Amino acid sequence: MSTQKNLTKVIALYISFSISIFFQLFYTAKLEAKIELIDRIVAIVDSSIIMESELNKRVQEIIGRLRETSTPLPPEKILTEQVLERLIIEEIQLQIGDKAGVRISDSELNESLNAIAAQNSLTLDKFKDSLEERGLSYRDLRESVKKEMILQRVQRGKVGARIDISEQEIENFLKSEEGQKKLAEEYRAQQILLPLKKNASEEEVKIAYNKISEITQKYKSGEKFESLATIYSSDQNALEGGEMGWKKSAELPTLFAPIIKNLSINTISDPIRSGAGLHIIRLVEKRGNSVKFEDQTLARHILVQPTEIRTLKQTQDLVSDIYEQLKNKGNFSKLAKEYSEDPGSKMDGGNLGWSTSENYDPAFAKVLDQTAIGEISEPFESSFGWHIIEVLDRRNEDISDEVRKNRAFQLIYGRKYEEELQRVLIELRAESYVDIKNIS
């Protein structure tokens, strides 16, 4: 009988313990479920999603940039909506890039990062150290640059296909008063864009003009243009205060050029109607410069790169062997055709043509500048692999004629590109499936 009572107690204790464990597990699972719900979807964009954490991170980045430039912050709701819209348009373009097979190679990415480091007068390693000292992630920067390169390629593909520039257009530009100027003024301007469809109703047009009038009055009453742009503008640079950057007259959209030229510093234009909507422009600064001559080097090179089947040691041994052959009167052109892995110059005997040092990888440019005419450099490494350079000649060239033609094309293209880009982005947004969740 005593044994049965003890057994009953043991069973009761076991049941009590099991129930306790059950409730602990239940509440733990409930707590974990709550934790998992912290991040949520804020938008569905075609076949992808945008998470709240991604939105919040970008908002904080924008806030940081605005504070660095002492730009007043717009209301939080408006800023969040602006940033989400930018993320949506970015995601649409990234999906287009993915479907089109747009890929950024490591060498292309490294070249861009080296260029960024060079702009800051640093080597890539020093640039990484500088980022770490400021608490920034080099890996995040690398991914950000890669994404920006993909976006640029998608935009060029979508916009470039719509732009057609004839030889006659270039000739007309070169003969124009503007094209013949030796010292062209440059303008730094800002804009606010209110979107308006081409077939907008009279009522919609009236509402847009009233809003522009209201914004103009706010500026004249002392509100900062940068702040007004972040709140009201739909331009892709709205969160940068509507900044258009430094541009020569010929680089400005056709509608803007004559207006900006006649603006005084810190004054704003009357409303300008374009295919994208209504604009108001503010002139911030003016300057001028001219470049006529350029130091150029004619060189050829041999590039050897490590691969999956060729180790770094084997690559170094190969480039050293090629260098020994060159020292022993080996034919540079023949060896380049046989061994070089630069597809752009290989079949031309490694010839790179006349160019300036700044067009090359920093490590390559440094050796190029240090090598005398007729000399062959020792093997050295750049972000692309291992090189040997032969400098054939140098000159200080008057490049005015060549630059004028190339520049005329670039300026006409840039003008048309800016005009088309906004239309393309608006169209892409309209053609995509976007479901925005409640972000309030």
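Every number here is computed from the coordinates shown, using simple stated rules; none is lab data. Keep in mind that what you see is a predicted model, and the values were worked out from it rather than measured. Counting neighbours? That spans all protein chains shown, and the Cβs are built from the backbone with ideal geometry, glycine included.
Which entries of 197/416; 220/248; 224/405; 99/337; 197/224 have Cα-Cα distances beyond 31 Å here? Could you put the intermediate results ahead of the total?
Details: 197/416 19 Å; 220/248 27 Å; 224/405 40 Å; 99/337 35 Å; 197/224 28 Å.
Among 197/416; 220/248; 224/405; 99/337; 197/224, the Cα-Cα distance tops 31 Å for 224/405; 99/337.
How much mean residue ellipticity at 222 nm does the chain get from its helices, if each DSSP H run of length 4 or more adds -39500 (n - 2.57) and you divide by all residues, to the nearest 500 deg cm²/dmol?
On the way: 15 runs with 233 residues, N = 440.
The helix contribution divided over the chain gives -17500 deg cm²/dmol.
Can you check what the net charge comes to around residue 277, using other residues whose Cβ is under 13 Å from the Cβ of residue 277 (Lys, Arg +1; Asp, Glu -1)?
+2
With a ≥ b ≥ c taken as the square roots of the eigenvalues of the C-alpha gyration tensor of region 293-398, please select rounded if a/c is under 1.5 and otherwise prolate if a/b is larger than b/c or oblate if it is not?
Details: a/c = 1.90, a/b = 1.59, b/c = 1.20.
Taking the square roots of the gyration eigenvalues as a ≥ b ≥ c, region 293-398 is prolate.
So I have [x] 164, 25, 11; [y] 50, 41, 19; [z] 32, 28, 23, and one of them is semi-axes √(5λ) of the Cα gyration tensor in Å calculated from this model. Which one is it?
For semi-axes √(5λ) of the Cα gyration tensor in Å, the calculated option is [y].
Would you mind ranking 267, 216 so that the residue whose beta carbon has the fewest other beta carbons within 10 Å leads the list? If you can, show how the numbers build up before the last one.
On the way: 267 12, 216 17.
By the 10 Å Cβ count, ascending: 267, 216.
How charged is the neighbourhood of residue 147? Take every other residue with its Cβ under 14 Å from the Cβ of residue 147, and add Lys/Arg as +1 and Asp/Glu as -1. Show your work: numbers first, answer last.
Details: positive: 57, 58, 86, 103, 139, 142, 146, 153; negative: 54, 61, 90, 91, 98, 108, 140, 143, 148.
Every neighbour counted, the sum reads -1.
Search the structure for amide H atoms under 5 Å from the amide H of residue 248, placed 1.01 Å from N in the peptide plane, and list their residues when 5 or more places away or on another chain.
Residues meeting the amide H criterion: 187.
Long-range amide H contacts for residue 352: which residues qualify at under 5 Å (H placed 1.01 Å from N, peptide plane, sequence gap of 5 or more or a different chain)?
For residue 352, the qualifying residues are 299, 300, 301.
Given the peptides 98-104, 62-68, 146-152, arrange them by the average over their residues of other C-beta atoms within 10 Å, most packed first. Before the final figure, lay out the partial values.
On the way: 98-104: 12.3, 62-68: 14.0, 146-152: 15.9.
Going from most to least packed, we get 146-152, 62-68, 98-104.
Whose amide H sits under 5 Å from the amide H of residue 51, counting only residues 5 or more places off or on another chain, with H placed in the peptide plane?
Hits under the 5 Å cutoff: 42.
All other residues with a Cβ under 12 Å from the Cβ of residue 200 taken together, and with Lys, Arg as +1 and Asp, Glu as -1, what is their net charge?
Values: positive: 197, 198, 206, 273; negative: 202, 203, 204.
So the surrounding residues net to +1.
Among 295, 125, what is the fewest-to-most ranking by other Cβ atoms within 10 Å? All intermediate terms of the calculation are to be shown ahead of the outcome.
Numbers: 295 12, 125 9.
Least crowded to most crowded, the residues run 125, 295.
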